[in-house]
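The values are calculated or read from the model by the stated rules, or taken from the named source; none is laboratory data. This structure is a prediction, so every number in the text was calculated from the model and none was measured. Positions of Cβ are backbone-derived with ideal geometry, glycine not excepted, and every protein chain shown enters the neighbour counts.
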Amino acid sequence: METNPNIDSFLRGTLSHEERQQFLARMQEDTELRKEVLFQKQMMESLDDASWSFMETYPEAEVNEYASLFEGEDMQALKASIGEAKDSFRGKGRVRPLKWLAYAAAASLVIWLGSTFFKKNPLSPEELYVQNLDLEGLPSLVVRDSGQEEYLVAAQLEFENKNYEAALPTFKSTLDTTQRTTSALYLYTGISQMELGRYPEAETTFTQLEQSDLVDANKALWYRALLYLKQSDTEKAKVLLERIAQMNLQPYTGKAQQLLRELD
């Protein structure tokens, strides 16, 4: 018994009302036809219309070439299932060779793409650094009635535009001369140095903040941990992150715990 050419039309809803009723009646009487319809429906749902059309019209030799990509161990379970379905549907020439190969390649391609492109791969230390450097959460540098607003506003704008080279001299000179040092000034200075690759200077700045008597001096621990991540020194970063994870230093405590999990 040959493969019914109306299966695709039935699944795509292009049969006339009379043809559809005849096809449904035939499905009620033919168990193998029902199985084949179900199988083709599952294959079609694995791809959108454009992709399915591509697989249907692709030259057989090139479909074979794509199918050869799926010989790895990850595909063995899928291939076994497809083989069983193939045996049950083929019967006496029930499945056309090219159409069957298109189904197999399509199903394998969907699984392979999912496992290859959508699997969450571990992030590199540099990527984790970028992900966790929240510049938008920094407090403003400007303190009212301090006489520093104008040039600090200009430097902060340069910083926000990632022009660290232009912003850093103002931050550093203010940090060295002001009598009203804030943790924000240390952070803007250290982050600018860190982003410019001046790692020893950045570590010195963050350490000065940590050793100060400012209320939020412990924020320096988080930025020192990021500094080590940027340099791919994950062991030093973990030491600081473990300290932060044991402290009540919100929001950095939760962030440190999450970062430790990603580094494991």
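Of the residues that make up the range 206-220, is at least one among the basic types (K, R) and under 25 Å from N248 (Cα atoms)? The answer is yes, given that some residue of the range 206-220 is among the basic types (K, R) and under 25 Å from N248 (Cα atoms). Here the condition is being of a type in the set (G, A, S), farther than 24 Å from L123 by Cα and at pLDDT 90 or above; of A225, A184, A245, it holds for A184 alone.
The set of residues in the range 107-143 being closer than 21 Å to W222 by Cα, surrounded by 13 or more Cβ atoms within 10 Å (Cβ to Cβ) and modelled with pLDDT under 90 consists of L123, L138, L141. Within the range 186-195, is there a residue that is in contact with a helix residue (DSSP H, G or I) (Cβ under 6 Å, 6 or more places away or on another chain), over 20 Å from D134 (Cα atoms) and assigned to a helix (DSSP H, G or I)? Within the range 186-195, none of the residues are in contact with a helix residue (DSSP H, G or I) (Cβ under 6 Å, 6 or more places away or on another chain), over 20 Å from D134 (Cα atoms) and assigned to a helix (DSSP H, G or I).
β-branched (V, I, T) and in a loop (DSSP other than H, G, I, E, B): which single residue out of V239, V215 fits that description? Steps first, answer last, please.
Numbers: V239 fails: in a loop (DSSP other than H, G, I, E, B).
Testing whether each residue is β-branched (V, I, T) and in a loop (DSSP other than H, G, I, E, B) leaves just V215.
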